[in-house]
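Written out below as structure tokens is the structure these notes cover.
None of the figures in this text is laboratory data; all of them are computed from the coordinates on show. In this text the structure is predicted, and so the values were computed from the model without any measurement. Cβ atoms come from the backbone with ideal geometry, glycine included; neighbour counts cover every protein chain shown.
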Ligand SMILES: Nc1ncnc2c1ncn2[C@@H]1O[C@H](COP(=O)(O)OP(=O)(O)OP(=O)(O)O)[C@@H](O)[C@H]1O
Ligand SMILES: [Mg+2]
């Protein structure tokens, strides 16, 4: 099947679903209180997009996501590399780490609000707790699974401890971290949104919470769709970024049988 | 071809008077309760090319790792240039049996590592790495990552990487076994040429007896494991410089081959019997 036919089928399905939905609403089968008309949702999205005030919300959510991601990854890499190198520290801290990781992050949101207020930082903190563990486990694994022959080779070539960190351990961990880039950014978004949803005065999560408070189903659906688009755009950017950052690794297409 | 360039060396390669560069004294290596090699004595003179052959799994790589300081002997001592080996050595060149390039660095970045760790400036580093890549026939492959190179090309990058800093001792673990016969001849000749330019102590492991005789000044035979030891050591008094393909037709080469094989054969058979 060629690409054009596939696209046409996809488009047909979309028209069928949305068209059926819209017709159902017009004919009165579907209750607009629970399932608002697609056209109304569309109009709501358009009115947001043309409203300059809307971008304040987007930029706040974006800032929280990016800050949460950067801080979470930074801490995760540092802790992961450290514990990857020091087995005894890893053994001592292991139960604490497992315990912390077992806490459902949502319950932390009110605590962060208490500590950091309703602003940006309580959301960033929530995103950090989600991102940290993913990066941490990946970095630790990356350091532990450094090929021992490569490590021996670097030592024989004269690498000091700092050289080993920079030229062997970090790159080895980086490939693991980058391979989890998408998951961790996804978690950063989740952290930011949940934080906003549970208590804030701005952001996409706040928009949805507010619409919900007013029993405004149109607003909730429009918010959900905007969120989905937000994540898709970030995903697209990551695709490009990933290809740039780990060009030393064979990608699936050009990988050949060894 | 290289005959015109290199002055003939006084043959045989001065084993008596040259000082010993690597000496292995009564070394026993074990992994847990498994004793891989026992009571091994070997010396390599400065500028000498020692080839070690032995059945698979007898402990050849283990001995090389002991010289490099990667493994500690259970008893006995290894010394390089008179200094006992304690910890990983970094004035040696080690061509590993396995792929040892840093996969996240391009060929040229891999080759220049040794110089970088020694603090050589970046322009000089680049220049010397370029010329080494050219020496091993990889001009134009500077910016490829290891996964973009063939197995033989990776081996050649590894060779340049190991030799660039001019190590006192060169250790090679089956460097050519992954190559096809033509490339192998080419690289063996290349190795001989490089070594002839600047003589170093070389310890080369191989399972190819022809290669051992064609390249080495001396061939040491290891017994089948466990508790492997050196059972015999044959001097190879064929004049240098040698051409690897031509020397195999020399009647003295064939005599040596017959003698050494008679000794090696029993060990190879023993190691097979043990397996079944
Ligand atoms: N880390 C290890 N733990 C336990 N046993 C080991 C270890 N490394 C090697 N051995 C054993 O020691 C023996 C010698 O191994 P070594 O790698 O030195 O063999 P080799 O002579 O280099 O063989 P090959 O020619 O196949 O490379 C083998 O029997 C092997 O199983
Ligand atoms: Mg081996």
Check: Rounded to the nearest 0.05, what FRET efficiency do residue B:31 and residue B:180 have when you use their Cβ-Cβ distance and R0 = 22 Å?
Finding: 0.05
Check: Just B:207, B:143, B:185 to compare: in a GNM of chain B, with alpha carbon springs under 10 Å, which one fluctuates most?
Finding: B:143
Check: When averaged across all projection directions, what area in nm² does the alpha-carbon convex hull of segment A:125-197 cover?
Finding: 5.0
Note to self: Nearest 10 degrees is fine. How inclined is helix A:3-27 to the longest principal axis of chain A, computing both from alpha carbons?
What the structure shows: 40
Next item on the list: Taking only Cα atoms and a 10 Å spring cutoff, compute GNM fluctuations for chain A and point out the largest among A:22, A:210, A:141.
Entry: A:22
Next item on the list: Can you pull the one-decimal nm distance between simple spin-label points at residue A:161 and residue A:56, each 7 Å off the Cα toward Cβ?
Entry: 5.2
Check: What's the FRET efficiency of residue A:228 with residue B:259 using the Cβ-Cβ distance as r and R₀ = 51 Å, to the nearest 0.05?
Finding: 0.05
Checklist line | Helix B:251-275 vs. chain B, principal-axis angle (Cα, 0 to 90°, nearest 10) | finding: 70
Note to self: As an exercise, use a Förster radius of 51 Å and the Cβ-Cβ distance of residue B:122 and residue A:201 to find the FRET efficiency, rounded to the nearest 0.05.
What the structure shows: 0.45
Notebook entry, point to check: Once a ≥ b ≥ c are taken as the square roots of the eigenvalues of the Cα gyration tensor of segment B:104-165, is the result rounded (a/c under 1.5), prolate (a/b larger than b/c) or oblate (a/b not larger than b/c)?
Noted result: prolate
Margin query: At 7 Å along Cα-to-Cβ for each site, give me the label-to-label distance between residue A:244 and residue B:239 in nm.
Written below: 6.3
Margin query: Shape verdict for chain A, please, from the Cα gyration tensor: rounded (a/c under 1.5), prolate (a/b greater than b/c) or oblate.
Written below: oblate
Item checked: Projected label distance in nm at residue A:210 and residue B:199, using a 7 Å step from Cα toward the beta-carbon -> 8.6
Next item on the list: Within 10 Å of each residue's Cβ, count the other Cβ atoms and sort A:185, A:107, B:236 from fewest upward.
Entry: A:107, B:236, A:185
Item checked: chain A: angle of helix A:120-144 to the longest principal axis, Cα-based, in degrees nearest 10 -> 40
Item checked: Under 19 Å from the residue B:74 label point (7 Å along Cα→beta-carbon), backbone N, segment B:200-243 -> B:222-231
Next item on the list: Would you work out if the protein assembly as shown is rounded, prolate or oblate? Take a ≥ b ≥ c from the square roots of the eigenvalues of the alpha-carbon gyration tensor; rounded if a/c is under 1.5, else prolate when a/b is larger than b/c, oblate otherwise.
Entry: prolate
Check: When only Cα pairs under 8 Å and 6 or more residues apart are kept, what is the percent relative contact order across chain A?
Finding: 24
